[in-house]
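Contents: one structure, followed by commentary.
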Amino acid sequence: MELLNHIYWKQKGQFALPSDCYHSWVAFAVEEGVFKYEIGQHSGSAGFGDLVVCPPGVTFHRETVTPLTFHYIQFNCNEEETLRMVLSAGKFHINDTKRLSSNYAYLRQSNEDSAPLVQDWKTHLVADLWLLHQLESRLEVVRERKFTEDALMAEAAALLEQHAGTSLSLQDIARSLALSPVQLTRRFQEAFQETPSQYLKSIRLKRAKNLLQESELNLTQIAERCGYENGFYLSRVFSKTLGISPAEYRKRHRV
């Protein structure tokens, strides 16, 4: 990761531009306040604990709802780093607010310091945000991975789990393993007796069931965290696969 720019904005009442398109990755990491965003097919609102990420060349629409205190982060990543750090457009939520607040405090303190050593530390702090989200997402997946002697397919399974909460492209996974999508599907099915798509759907639905039981998130918010385009599509997949609607599942499994 190459950190290009970091600006700390405090109590910003409105954005100077309602939309912009950048040549690099951009993230808004919110400390206080709420804003609405739209990035391609991803839209919603973001507050404390949320990072809204926009890839290069995609228009970022935004509007403040309440005065916003946030970190503007601009950075570059190569293809390997993008895949490893599970970067994609949309909103990422971090639950470890203690560590998050600590990272934000260090970024605030070094906001105007451009010394090379400080820039290295800021890069480390920014990268830590993505890795923390990745770790939390991994821990949410309570899945007993099937054994395979095919080390490459074991790596493919791990990548699918890591990226389950994003709008995953199987082509990207295949390319990272130096395979074609057809080769990946055939070899994965031989190793696990199911296709990569089936494996991914199983992970996502398990995560959705956990969130329906353990959180107050609405269906749109759950869909965002499970890699689905919207709540309607999640509901359709959930009902067709499990034979019960998300609302009824939540009703039956809440104490």
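The values are calculated or read from the model by the stated rules, or taken from the named source; none is laboratory data. The model shown is predicted, which means the values in this text are computed figures rather than measured ones. As a convention, Cβ positions derive from the backbone with ideal geometry for all residues, glycine included, and neighbour counts pool all protein chains shown. The area values use the complete protein model at the heavy-atom level, side chains included, leaving out ligands, DNA and RNA. Shrake-Rupley method; radii C 1.70, N 1.55, O 1.52, S 1.80 Å.
Descriptive notes on the structure:
- Pairing each residue of the stretch 21-38 that is on the phi > 0 side of the Ramachandran plot with any residue that is surrounded by fewer than 20 Cβ atoms within 10 Å (Cβ to Cβ) and assigned to a strand (DSSP E or B), provided the two are 6+ apart or on different chains, yields C-beta distances under 9 Å for Gly33/Gln11; Gly33/Lys12; Gly33/Thr64; Gly33/Thr69.
- The one condition in (1) of a type in the set (D, E, K, R); (2) open to solvent by 60 Å² or more (accessible area, probe 1.4 Å); (3) more than 21 Å from Glu81 (Cβ to Cβ); (4) modelled with pLDDT of 90 or more that Glu155 fails to fulfil: (3)
- Taken over the stretch 108-122, the criterion of being part of a loop (DSSP other than H, G, I, E, B) and either modelled with pLDDT under 80 or in contact with a helix residue (DSSP H, G or I) (Cβ under 8 Å, 6 or more places away or on another chain) (or both) is satisfied by Ser110, Glu112, Asp113, Ser114.
Let's see how each residue does on (1) at positive phi; (2) surrounded by 12 or more Cβ atoms within 10 Å (Cβ to Cβ):
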site: Glu81; (1), (2): no, yes
site: Gly90; (1), (2): yes, yes
site: Tyr104; (1), (2): no, yes
site: Arg108; (1), (2): no, yes
site: Asp113; (1), (2): no, no
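- Filter result (surrounded by 18 or more Cβ atoms within 10 Å (Cβ to Cβ) and among the aromatic types (Phe, Trp, Tyr)) within the stretch 21-63: Trp25, Phe28, Phe35, Tyr37, Phe48, Phe60
- A Cβ distance below 6 Å, combined with a sequence gap of six or more or placement on separate chains, defines the contacts here; from the stretch 103-131, residues that are closer than 24 Å to Cys54 by Cβ reach residues that are among the hydroxyl-bearing types (Ser, Thr, Tyr) and at pLDDT below 90 in the pairs Lys122/Ser110.
- Summed over the stretch 223-255, residues that are free of Cβ contacts under 8 Å to residues at least 60 places away in the same chain, open to solvent by less than 60 Å² (accessible area, probe 1.4 Å) and assigned to a helix (DSSP H, G or I) total 10.
- The condition of being in contact with a Lys or Arg (Cβ under 9 Å, 6 or more places away or on another chain) and either open to solvent by 10 Å² or more (accessible area, probe 1.4 Å) or over 29 Å from Leu177 (Cβ atoms) (or both) does not hold for Asp96.
- If you go through the stretch 1-51 and pick out every residue that is under 15 Å from Phe92 (Cα atoms), aliphatic (A, V, I, L, M) and in a strand (DSSP E or B), you end up with 7.
- Qualifying residue in the stretch 126-147 (condition: open to solvent by 40 Å² or more (accessible area, probe 1.4 Å), outside any helix (DSSP H, G or I) and modelled with pLDDT of 80 or more): no
- Check on Leu160, modelled with pLDDT of 85 or more, under 16 Å from Glu80 (Cα atoms), surrounded by 20 or more Cβ atoms within 10 Å (Cβ to Cβ) and under 14 Å from the mean Cα position of the chain (by Cα): yes
- Among the residues here, Arg207 does not qualify as buried (at least 17 other Cβ atoms within 10 Å of the Cβ), touching a helix residue (DSSP H, G or I) at 6+ places or on another chain (Cβ under 8 Å), over 29 Å from His93 (Cβ atoms) and touching a residue at least 12 places away in the same chain (Cβ under 8 Å).
- Residues of the stretch 68-107 satisfying the condition of being over 18 Å from Tyr22 (Cβ atoms), among the β-branched types (Val, Ile, Thr) and touching a helix residue (DSSP H, G or I) at 6+ places or on another chain (Cβ under 9 Å): Val86, Ile94
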